[in-house]
Amino acid sequence: MKAAIRSGLIIAILLFLQGCGVGDNATAVEEKIPAVDVAPVAVLAAQSWKTYTSRLEAPEVVRLMPRISGIVEDVCFKEGSKVSKGDVLFTIDDEQFKSRVETIESQITGAEAALAQAKSEFERGKQLAATRVLSQEQALARQSTYHQRQAELSALKAQLQSAKLDLSYTKVTAPISGIVSRAFITQGNNVVSAQSVLTSIVSDVKRYAYFDIDERTWNAFFASDSQPNSQVAMQLLGENDFSHIGNIDFVDNQIDSQTGTLRVRAVFEQRNSALKSGAFVRVRLPLGAPEKSVFVPETSLGTDLENKFVLTLDENNVLQYRKVEIGERFGQFRQIKNGLSKGEVIAIHGAGSVSSGAKIAPRKSLVDVGKSSLLAADFPAADVPVTTTAKR
């Protein structure tokens, strides 16, 4: 009897322990359901664009050369500073030019006296010739002498004007306003007319960026407007966003038959001398009007042979395979042309962490695409961070 009771207790204990084991296994199964970040797709008005590379150019660039030869007497500007049109930048020794002016002025004084005498003799000769006191031949000789003295005086006056002009060229002035470079030739050195480069000046009001649009893009988006005033955005090397806004102000008159491209120019206003001539830049040109589109993080996309897909969440918290047609990339976001609609929820990290048909514990999040970063007016930055914010 005692043996039977003991056996019954052992069986009861084993059954109890077995029951506890089944519960633990069920709990373990439940705990194996993965927690996955999910978020509704974003629907935004997006602007398609193309990016071109270029180098900035100044509308006006001057390599300053002297108009006369001589010795540099003084450098009258601070290197790298802003100068205005007409400012004296260099002076050249003017002693020889002053001397030439004085010499010609003296010659003119003598020529004027000679002309006055020749005129008097010519007038007197006409009177004498009329009374036949002076022969006609002698009268004509006096007339010729008078005209010769007139020509000599005119030549000397022209020489004086040229000499004074050369004297004025001893002061080398800025032909345009802008930023001056360093002095390539300094005080005491000889310069040669129209050969020696004294310095250079670049205008500082505007900057140009030339780039080439392929023929297909031009015909698709701009051919209806021969002179589009499209707004463009520019990024300098080392900058994180396209913060410089300009406009297209020039379109070339023909397509290059060798490259199949059309040259256009964007103009940017210069502010605080930040835009240096020669700088490498990227220019973004909007294509067409903004359109509302569905956007998903690039991390939510998976690849199945030739297809792109995302995992959508159904009402039973099960992930479903959804084939999608992708469009352009906007930073770390991808435009979805077909396959998704507003309100649908997707797994943010897609096939990288879970597979289709899996039941999940959804961790609701929001995808932050930044401050209207996909809108045309904002000209989005190259890399828009994907930010997920858990909803509590």
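Close amide H pairs (under 5 Å, H built 1.01 Å from N) link I92 with E73, K171, V172, residues at least 5 positions away or on another chain.
Could you compute the FRET efficiency for E95 and E215, with r as their C-beta to C-beta distance and R0 at 51 Å, rounded to 0.05? In this case the efficiency is close to 0.25. Extension gain, A130 to K323, is 57.7 nm, computed as 0.36 nm per intervening residue step minus the present C-alpha separation. For segment 285-332, the carbon plus sulfur part of the accessible surface works out to 44%, probe radius 1.4 Å. Between V88 and Q150, the contour length at 0.36 nm per residue exceeds the alpha carbon distance by 18.5 nm.
Rounded to the nearest whole Hz, the Karplus-based 3J(HN,Hα) values (6.51 cos²θ - 1.76 cosθ + 1.60, θ = phi - 60°) of segment 34-49 follow the sequence x, 8, 10, 6, 10, 7, x, 5, 9, 10, 9, 7, 10, 10, 6, 8, with x at glycine and proline. Taking amide H atoms as placed 1.01 Å from N in the peptide plane, the amide H of A46 lies under 5 Å from those of E291, K292, S293, each 5 or more residues away in sequence or on another chain. Annotation: amide H of T199 within the under-5 Å range of L64, F184, sequence separation 5 or more or interchain, hydrogens built in the peptide plane.
Across the protein chains, with a 1.4 Å probe defining accessible surface, the residues R100, R334 rank R100, R334 from largest area downward. Each Cα pair of segment 112-181 feeds into the Kirkwood radius, which the Stokes-Einstein equation turns, at 10 °C and 1.306 mPa s, into a diffusion coefficient of 104 µm²/s. The calculated FRET efficiency for the pair N190 and L237, based on their C-beta separation and a Förster distance of 35 Å, comes to about 0.30.
Heavy-atom accessible area, probed at 1.4 angstrom with all protein chains present, ranks K82, K32 as K32, K82, highest first.
Charged neighbours of L134, selected by a Cβ distance under 15 Å, balance to +1 (K, R count +1; D, E count -1).
The values are calculated or read from the model by the stated rules, or taken from the named source; none is laboratory data. The structure presented is a predicted model; accordingly, all values stated were derived computationally and were not measured. When we count neighbours, we look across all protein chains shown, and the Cβ atoms used for this are built from the backbone with ideal geometry, even at glycine. Surface accessibility is based on the protein's heavy atoms, side chains included, excluding ligands, DNA and RNA. Shrake-Rupley method; radii C 1.70, N 1.55, O 1.52, S 1.80 Å.
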